[in-house]
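Take a look at the structure set out below.
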Amino acid sequence: MAQRIKKGRDVSGILILDKPLNISSNQAVQRIKRLYGAKKVGHTGSLDPLASGVLPICLGHATKVSQYLLASDKSYQFTMKLGKTTTTGDVEGDVLTERAVPAIDLEKTTRLLSQYCGDIQQVPPMYSALKHNGQRLYKLARAGEVVERPARDVTIKSLKLLSADTNSLTIEVCCTKGTYVRTLAEDLGESLGCGAHVTFLRRIKTGPFELGRSLTFDQLEKHAGSFNSLDALMLDIDVALLDYPVVMCSEEDKSDLCMGRAVVHDGLPNHSLMRLNDPSGKIFGLGKWSQSNLLAPVRIFA
């Protein structure tokens with residue numbers, strides 16, 4: 001039986017979960033929290049119950065870097081069924097329209113995908129967690145309400161056709177945060193003249209984390225009851241911050257920065273964010289270039 005910790009452990013790190021189908025991201029977080037006996041756990045960008053794949057879970061101090069993972073690019077593989085649109089943009093919704101599916105021309109379809117690459121605007125779906133006047137859009141949608149949603153700027157980095165048959169396409173997309181794959185599939189379906197909805201969605205990458213490094217619940221639960229084994233499966237906090245330059249700090253500077261005081265540090269890169277490492281090379285926070293040779297704390301982990 002797993003050891004029970006009343007208040008939760010002060011354990012920190014990042015766990016790359018392969019979220020299964022049919023559970024919400026929050027349910028996945030609560031399951032990890034119980035398994036690790038952890039005091040504080042959060043995720044970095046939710047996946048719908050009908051979506052699976054890479055979901056970085058932050059424990060302890062790692063929750064302080066979750067916002068930087070939220071801003072990362074994401075990659076997905078998805079299948080869109082042609083000829084039908086639904087209320088939700090996926091298989092959960094009721095059918096709205098049905099149209100004949102034209103013969104799929106692979107060359108024309110590839111050209112169409114290229115037209116969607118780059119900076120585009122998307123109108124968020126009603127079935128989303130965005131808020132309107134304090135209410136989640138999906139709650140309004142379930143009540144039969146439709147409200148106007150402003151279009152948002154997103155960037156499609158790449159779109160690749162993986163396979164096609166008479167009434168479906170399977171595509172791989174790399175995109176910026178805030179992109180709705182269901183909306184992308186619906187827009188592509190309209191451009192093909194027949195409409196579409198998503199039947200399969202799997203996140204294969206978020207930021208630096210790929211599906212090949214993720215762990216399933218079955219794999220994790222083999223270590224249930226052994227916190228040492230479970231902790232060894234986590235990654236250090238700094239793996240989420242590898243794109244930022246490192247500033248090596250003395251113990252004296254570390255003490256000042258942890259107290260919220262800026263310190264003088266020669267040779268600082270003029271960068272919006274920097275990793276703060278102690279003399280042993282361990283990250284203890286994030287800082288920023290303030291002026292000339294002044295280093296100011298942004299976020300302290302220790």
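See the values below:
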| quantity | calculated |
| --- | --- |
| Filter result for Leu140 (touching a residue at least 60 places away in the same chain (Cβ under 8 Å) and of a type in the set (A, V, I, L, M, F, W, C)) | no |
| First in the stretch 231-259 and more than 30 Å from Leu35 (Cβ to Cβ), second anywhere and of a type in the set (A, V, I, L, M, F, W, C) and assigned to a helix (DSSP H, G or I), Cβ under 8 Å, 6 or more apart | Cys249/Leu257 |
| Residues within the stretch 15-56 that are in a loop (DSSP other than H, G, I, E, B) and either closer than 17 Å to Lys205 by Cβ or under 13 Å from the mean Cα position of the chain (by Cα) (or both), tallied | 6 |
| Scan of the stretch 33-50 for residues that are surrounded by 22 or more Cβ atoms within 10 Å (Cβ to Cβ), among the aliphatic types (A, V, I, L, M) and more than 27 Å from Cys258 (Cα to Cα), ordered by number | Leu47 |
| Filtered residues of the stretch 44-64 (kept if at positive phi and modelled with pLDDT of 90 or more) | Gly53, Gly60 |
| Any hit, the stretch 173-195, residues being of a type in the set (Phe, Trp, Tyr) and either modelled with pLDDT of 95 or more or surrounded by fewer than 17 Cβ atoms within 10 Å (Cβ to Cβ) (or both) | no |
| Segments classed as helices (runs of 4 or more DSSP H), wholly inside the stretch 86-203, with at least 2 members that are farther than 20 Å from Ser46 by Cβ and not small (Gly, Ala, Ser) | 106-115, 181-191 |
| Some residue of the stretch 228-239 being within 21 Å of the chain's Cα centre (by Cα) and either at pLDDT 95 or above or small (Gly, Ala, Ser) (or both) | yes |
| Filter pass, Tyr68 being in contact (Cβ under 8 Å) with a residue 12 or more places away in the chain and buried (at least 20 other Cβ atoms within 10 Å of the Cβ) | no |
| Inter-residue pairs, beta-carbon under 7 Å, first closer than 13 Å to Cys258 by Cβ and in contact (Cβ under 8 Å) with a residue 24 or more places away in the chain and in the stretch 280-302, second charged (D, E, K, R) and not in a strand (DSSP E or B), 6+ apart | Ile283/Asp238; Phe284/Lys254; Phe284/Asp278; Arg299/Lys64; Phe301/Lys64 |
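The values are calculated or read from the model by the stated rules, or taken from the named source; none is laboratory data. No experiment lies behind these values; they were computed from the predicted model shown. Cβ sites come from the backbone with ideal geometry, for glycine too, and all protein chains shown count toward neighbours.
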